[in-house]
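This report concerns only the one structure given below.
The values are calculated or read from the model by the stated rules, or taken from the named source; none is laboratory data. Because the structure is predicted, anything quoted here is derived from the model rather than measured. Cβ placement follows ideal geometry from the backbone for every residue including glycine, while neighbour counts extend to all protein chains displayed.
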Amino acid sequence: MNHFLDIHTTDAADLRKIIDTARATKEARSGKPKAALDAELPLDGKMVALIFEKPSTRTRVSFDVGVRQMGGQTMVLSGADMQLGHGESIADTARVLSRYVDMIMIRTFEESTLLEMAEYATVPVINGLTNRTHPCQIMADILTFEEHRGPIAGKKVVWCGDGNNVAASFIHAAGQFGFDLTFAGPSQLDPEAVFINEARKKGVKIDIERNAEKAVAGADLIVADTWMSMHDSQSARERRHAMLRPYRVDRKLMGLANSDALFMHCLPAHRGEEVTNAVMDGPQSVIFDEAENRLHAQKAIMGWCVS
Ligand code: CP
Ligand code: NVA
């Protein structure tokens, strides 16, 4: 049994296997109805708990559909409605849930909640986003890039905006998949130094560039995300927007990257803020392939977890 907690804590060979499996399974079920079962059913007879302490559309629906395609069943739980949200310890919750279900996916605030769940659960635990990282998203993004452009190794990825949880998982992925990453954003919103330093220690090329136009030169992929993550305080909104406006992805900025550069956004997007409609709906955008690939990547992750 394996937990899927983060990209940098998962073996690089396993990550590669997950991406390749996702691609093969996606191709094998091409054209089938969404509810059709896969040819192989690694979750047959299994029950998966999907716990949400924050809102979600993609993670919720893609995990739910994915489990069913793999032959399993789901229960979607709101953290606020569980005793977990009313003082029961994470350790006790993990031990109790492990008596009922075969796998747990959790979206939560503090990373410590995820780690404690994994420590005490006797079934696989999957990170469905914390304040610090969002590994399932980046697995879908790697799958998407490689479907469109081939191997991501050696490519240049530019992150524009807030050095948030999704950016952190991109930094982790740069090390594991061998691509270069440039962070373009204000110094106040840099990704956590520990992530950057750990990646650089492993020889990963992580650049920080305050000028967005310089940052995107030679880019194969430009990525943006909301300027206000779910855990950010609304009181910081104006200040953050003012700092982040120079990093909005528009057609002019896309035009400074390589001519075949892709644009990605994990969604939900705030059109007109971090990215313009012209880019979101433009020919370089692969945002809906990314959203679809959450399903395929996570199915491969779940298969690996129970393998
Ligand atoms: N990208 C992503 O995780 O979307 P949701 O918040 O809708 O799950
Ligand atoms: N950075 C965003 C990602 C949402 C999927 C957030 O944490 O709200």
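Considering only residues of the range 19-51 that are touching a Ser or Thr at 6+ places or on another chain (Cβ under 8 Å) and in a loop (DSSP other than H, G, I, E, B), which is surrounded by the fewest Cβ atoms within 10 Å (Cβ to Cβ)? The selected residue is PRO42.
Total residues in the range 71-101 satisfying the condition of being out of contact with any Asp or Glu (no Cβ under 6 Å at 6 or more places or on another chain) and either within 24 Å of LEU41 (Cα to Cα) or among the basic types (Lys, Arg) (or both): the figure is 11.
Only residues that are within 16 Å of ligand 1 (Cβ to nearest atom), of a type in the set (S, T, N, Q) and surrounded by fewer than 19 Cβ atoms within 10 Å (Cβ to Cβ) were counted in the range 225-248, giving 1. Any residue in the range 290-306 that is under 22 Å from the mean Cα position of the chain (by Cα), assigned to a strand (DSSP E or B) and closer than 25 Å to ALA22 by Cα? Checked against the condition, which is being under 22 Å from the mean Cα position of the chain (by Cα), assigned to a strand (DSSP E or B) and closer than 25 Å to ALA22 by Cα, the range 290-306 yields no hits at all. With respect to ARG16, determine if the residue is outside the structural domain of TYR100 (by the TED database) and either in a helix (DSSP H, G or I) or surrounded by 15 or more Cβ atoms within 10 Å (Cβ to Cβ) (or both). Spelling it out, ARG16 is indeed outside the structural domain of TYR100 (by the TED database) and either in a helix (DSSP H, G or I) or surrounded by 15 or more Cβ atoms within 10 Å (Cβ to Cβ) (or both).
Of the residues that make up the range 62-80, is at least one over 25 Å from HIS265 (Cβ atoms), in contact with a Pro (Cβ under 7 Å, 6 or more places away or on another chain) and among the aliphatic types (A, V, I, L, M)? Looking for residues that are over 25 Å from HIS265 (Cβ atoms), in contact with a Pro (Cβ under 7 Å, 6 or more places away or on another chain) and among the aliphatic types (A, V, I, L, M), one finds at least one in the range 62-80, hence yes. Looking only at the range 263-307, residues that are more than 16 Å from ligand 1 (Cβ to nearest atom), touching an Asp or Glu at 6+ places or on another chain (Cβ under 9 Å) and within 19 Å of VAL65 (Cα to Cα) come to 4 in all.
Candidates are the residues of the range 54-68 that are closer than 18 Å to LEU114 by Cβ and within 8 Å of ligand 1 (Cβ to nearest atom); the one that is surrounded by the most Cβ atoms within 10 Å (Cβ to Cβ) is THR59. The criterion of at least 2 residues that are surrounded by fewer than 21 Cβ atoms within 10 Å (Cβ to Cβ) and of a type outside the set (Val, Ile, Thr) is met, among helices (runs of 4 or more DSSP H) falling completely within the range 69-180, by 90-100, 111-120, 135-149. In the range 231-247, the residues that are closer than 15 Å to GLY163 by Cα reach residues that are within 13 Å of ligand 2 (Cβ to nearest atom) and assigned to a helix (DSSP H, G or I) with C-beta atoms within less than 9 angstrom, at least six apart or across chains, in these pairs: HIS231/ASN165; ASP232/ARG240; ARG240/LEU189; MET243/LEU189; LEU244/LEU189.
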